[in-house]
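Trainee: Input: one structure, supplied below.
The values are calculated or read from the model by the stated rules, or taken from the named source; none is laboratory data. From a predicted model like this one, the values you see are computed outputs, not experimental measurements. Here the Cβ is made from the backbone with ideal geometry for all residues, glycine too, and neighbour counts use every protein chain on show.
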Amino acid sequence: MLACLLVLRQENYGYALLDLLEQRGFAVDANTLYPLLRRLEKQGLLTSDWNTDEARPRKFYRTSAEGEQLAETLGRDWDALDAAFRALKGRL
Amino acid sequence: MTTLTDRYVDATLRRLPGRQRADIEKELRTAIADAVDDRVEAGDEPAAAEIEVLTGLGDPARLAAGYADRPLHLIGPALYHDYARLLAVLLATVVPAAAAGVGLVRALHGAPALTLAGDALSAAFTTAVHIVCWTTLAFAALDRLPRLRPGTARPWSVDALPERPSRRARYAELATLTVVTVLFCTFVLLTPVVSTEVDVQGEPIGLLSPWLWETGVVYAFLGAGVAGLGTAFARHYARWSVPLALASALVEVAAPLTLIWLVTADRVLNPAFVAAAGWGPDTTRWIGIGLIAMSSITLLQTVTDGLAQARHR
């Protein structure tokens, strides 16, 4: 979810996002990602727009200001946890 | 011609609320088409690519549940504990009560023992099924409609820990039990010689049926009572063990069961005494009901106490 919010600072649509996340090392199932995008949109963390310029209408998502804020908080939590793990491993 | 994709999309949309459908359909179709195109570009057969993509998306029911944000469980972890506890309490109290009630009514109507037991059992079963069904439904509804939930449950604190019965309190209980047993035995044994009614020769008429003495049932009954007292002492002083618990449960169940049998067989009161005292059939019947109710309560308490103690070990 955090990865989603971070990646979607750059506007993107479902299937391309799936690919992009996998390239960046976040393997996620399509049937998890699509509902997740909807949920995040409903919570106001993503905004969406239909792009009908191309042959296929595509729904483009982008991280909202609120999503940006949450991503920052979650990122900090993650870093703290990571640091804690590192300290633990270093001591053993 | 309907394609696999059409069928897949239909199967997903069918499980979604109407207002979400159009939007999700467009997005889902595009996503599937994109994925299929990708595979075809990589050299797959279109038909095989479609099958592979849809297989990758998995069960439409699961996908729809994800879209609708619908839980895939009946009762979630937030409510499960309350549910289990309430269900246990209801089953442990209402079911025996219903069985006892039905049994009592049937006994009053003079039903044979087999019919009585069958009716009581079926009443217990029906009650249990109803309790489980409605409680589960109510909690499933609560789980789905958070608005119905009455505030957050009281947070757990150490005050909620069950109190250990103090040794002193248990000793007082034991002393009371001893006194009651001794008084009761004395009363029963004295009834043939001490009575409010006398016959024409001036001999006392016993309150209890002489049949009890002729067959020795009264001694067996009192013996069971005294043995029950013995096991209460054994439980107080010896460590809990399965054989001891079983033995004491058996002994404690024996006396009330015998009493119920005696009442239903009409062997408790002395007919001569009833006639001499001028009691009507109503009086004797109510005495019978009282005795059966008392025995049932004792039985119930024995069972619940036994279970509670077994759980504490």
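Trainee: Filter the range B:257-285 for residues that are of a type in the set (A, V, I, L, M, F, W, C) and under 28 Å from the mean Cα position of the chain (by Cα); which is nearest to B:Leu307 (Cα to Cα)? Outline the logic, then answer.
Mentor: Here is the first cut: in the range B:257-285, the ones of a type in the set (A, V, I, L, M, F, W, C) are B:257, B:259-263, B:265, B:268-269, B:272-277, B:279.
In the following step, the residues that additionally are under 28 Å from the mean Cα position of the chain (by Cα) were identified as B:257, B:259-263.
Values: B:Leu257: 19, B:Leu259: 23, B:Ile260: 23, B:Trp261: 25, B:Leu262: 27, B:Val263: 28 Å.
It comes out as B:Leu257.
Trainee: Please find, among A:Leu5, A:Leu70, A:Leu88, the residue that is touching a Ser or Thr at 6+ places or on another chain (Cβ under 6 Å), away from chain B (no Cβ under 14 Å) and part of a helix (DSSP H, G or I). Steps first, please.
Mentor: On the way: A:Leu70 fails: touching a Ser or Thr at 6+ places or on another chain (Cβ under 6 Å); A:Leu88 fails: touching a Ser or Thr at 6+ places or on another chain (Cβ under 6 Å).
Answer to the selection: A:Leu5.
Trainee: Can you go through B:Leu63, B:Leu116, B:Leu86, B:Leu72 and tell me which one is hydrophobic (A, V, I, L, M, F, W, C), farther than 30 Å from B:Leu307 by Cα and in a helix (DSSP H, G or I)?
Mentor: Numbers: B:Leu116 fails: farther than 30 Å from B:Leu307 by Cα; B:Leu86 fails: farther than 30 Å from B:Leu307 by Cα; B:Leu72 fails: in a helix (DSSP H, G or I).
Going through B:Leu63, B:Leu116, B:Leu86, B:Leu72 in turn, the sole match is B:Leu63.
Trainee: Within the range B:201-298, considering only helices (runs of 4 or more DSSP H) that don't extend past its boundaries, which have at least 3 residues that are free of Cβ contacts under 8 Å to residues at least 12 places away in the same chain and out of contact with any Gly (no Cβ under 9 Å at 6 or more places or on another chain)? So that I can check it myself, show each step before the final result.
Mentor: Working: elements: B:210-215, B:217-237, B:242-264, B:271-277.
It comes to B:217-237, B:242-264.
Trainee: Does the range B:160-192 hold any residues that are under 20 Å from B:Phe221 (Cβ atoms) and polar (S, T, N, Q), and which are they? Full working, then the answer.
Mentor: Applying the first criterion (under 20 Å from B:Phe221 (Cβ atoms)) to the range B:160-192 yields B:177-192.
Selection gives B:Thr178, B:Thr181, B:Thr186, B:Thr191.
Trainee: Kindly list the number of the only condition in (1) away from chain B (no Cβ under 13 Å); (2) in contact with a helix residue (DSSP H, G or I) (Cβ under 9 Å, 6 or more places away or on another chain); (3) not in a helix (DSSP H, G or I) that fails for A:Leu21.
Mentor: With respect to (1) away from chain B (no Cβ under 13 Å); (2) in contact with a helix residue (DSSP H, G or I) (Cβ under 9 Å, 6 or more places away or on another chain); (3) not in a helix (DSSP H, G or I), A:Leu21 is out only on (3).
Each row is one residue, and each column tells you yes or no for (1) more than 21 Å from B:Gly288 (Cα to Cα); (2) touching a strand residue (DSSP E or B) at 6+ places or on another chain (Cβ under 7 Å); (3) modelled with pLDDT of 85 or more.
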| residue | (1), (2), (3) |
| --- | --- |
| B:Tyr219 | no, no, yes |
| B:Ala227 | yes, no, yes |
| B:Gly230 | yes, no, yes |
| B:Arg235 | yes, no, no |
| B:Ser248 | yes, no, no |
| B:Val253 | no, no, no |
| B:Ala265 | no, no, no |
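Trainee: Would you pick out the residues in the range B:28-75 that are on the phi > 0 side of the Ramachandran plot and within 13 Å of another protein chain (Cβ to nearest Cβ)?
Mentor: Step one: of the range B:28-75, the residues on the phi > 0 side of the Ramachandran plot are B:43, B:58, B:69.
Once the filter is applied, which keeps residues that are on the phi > 0 side of the Ramachandran plot and within 13 Å of another protein chain (Cβ to nearest Cβ), the range B:28-75 yields B:Gly58, B:Asp69.
Trainee: A follow-up question, please. Is there a residue in the range B:37-52 that is of a type in the set (Lys, Arg), surrounded by fewer than 15 Cβ atoms within 10 Å (Cβ to Cβ) and either in the same structural domain as B:Ile289 (by TED's automatic domain parsing) or over 30 Å from B:Leu307 (Cβ atoms) (or both)? Spell out how you get there, then give the answer.
Mentor: Keep residues of the range B:37-52 that are of a type in the set (Lys, Arg), which gives B:39.
Narrowing further to those that are surrounded by fewer than 15 Cβ atoms within 10 Å (Cβ to Cβ): none.
No, the range B:37-52 contains no residue that is of a type in the set (Lys, Arg), surrounded by fewer than 15 Cβ atoms within 10 Å (Cβ to Cβ) and either in the same structural domain as B:Ile289 (by TED's automatic domain parsing) or over 30 Å from B:Leu307 (Cβ atoms) (or both).
Trainee: Please determine, by comparing only the residues of the range A:29-67 that are touching a residue at least 12 places away in the same chain (Cβ under 8 Å) and among the aliphatic types (A, V, I, L, M), which one is nearest to the other protein chains (Cβ to nearest Cβ).
Mentor: Filtering first and then ranking leaves A:Ala30.
Listed here are the residues, each with its yes/no results for (1) within 11 Å of the chain's Cα centre (by Cα); (2) among the acidic types (Asp, Glu).
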| position | (1), (2) |
| --- | --- |
| A:Glu22 | no, yes |
| A:Leu46 | yes, no |
| A:Asn51 | no, no |
| A:Phe60 | no, no |
| A:Thr63 | yes, no |
| A:Arg76 | no, no |
| A:Gly90 | no, no |
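Trainee: Looking at B:Leu114, B:Leu137, B:Leu145 in this structure, which one is exposed (fewer than 12 other Cβ atoms within 10 Å of the Cβ), more than 26 Å from B:Leu207 (Cβ to Cβ), in the same structural domain as B:Ala88 (by TED's automatic domain parsing) and modelled with pLDDT under 80? Full working, then the answer.
Mentor: Numbers: B:Leu114 fails: modelled with pLDDT under 80; B:Leu137 fails: modelled with pLDDT under 80.
Just one listed residue meets the conditions, B:Leu145.
Trainee: Same structure again: Is it true that A:Tyr34 is surrounded by 16 or more Cβ atoms within 10 Å (Cβ to Cβ), modelled with pLDDT of 85 or more, touching a Gly at 6+ places or on another chain (Cβ under 6 Å) and within 25 Å of B:Ala22 (Cα to Cα)? Step through it out loud before you land on a result.
Mentor: Details: surrounded by 16 or more Cβ atoms within 10 Å (Cβ to Cβ): yes; modelled with pLDDT of 85 or more: yes; touching a Gly at 6+ places or on another chain (Cβ under 6 Å): yes; within 25 Å of B:Ala22 (Cα to Cα): yes.
Considered against the rule, which asks whether it is surrounded by 16 or more Cβ atoms within 10 Å (Cβ to Cβ), modelled with pLDDT of 85 or more, touching a Gly at 6+ places or on another chain (Cβ under 6 Å) and within 25 Å of B:Ala22 (Cα to Cα), A:Tyr34 comes out as yes.
Trainee: Let me ask something else. Filter the range B:216-256 down to residues that are under 25 Å from the mean Cα position of the chain (by Cα) and among the polar types (S, T, N, Q) and give me whichever is surrounded by the fewest Cβ atoms within 10 Å (Cβ to Cβ).
Mentor: Top of the filtered list is B:Ser241.
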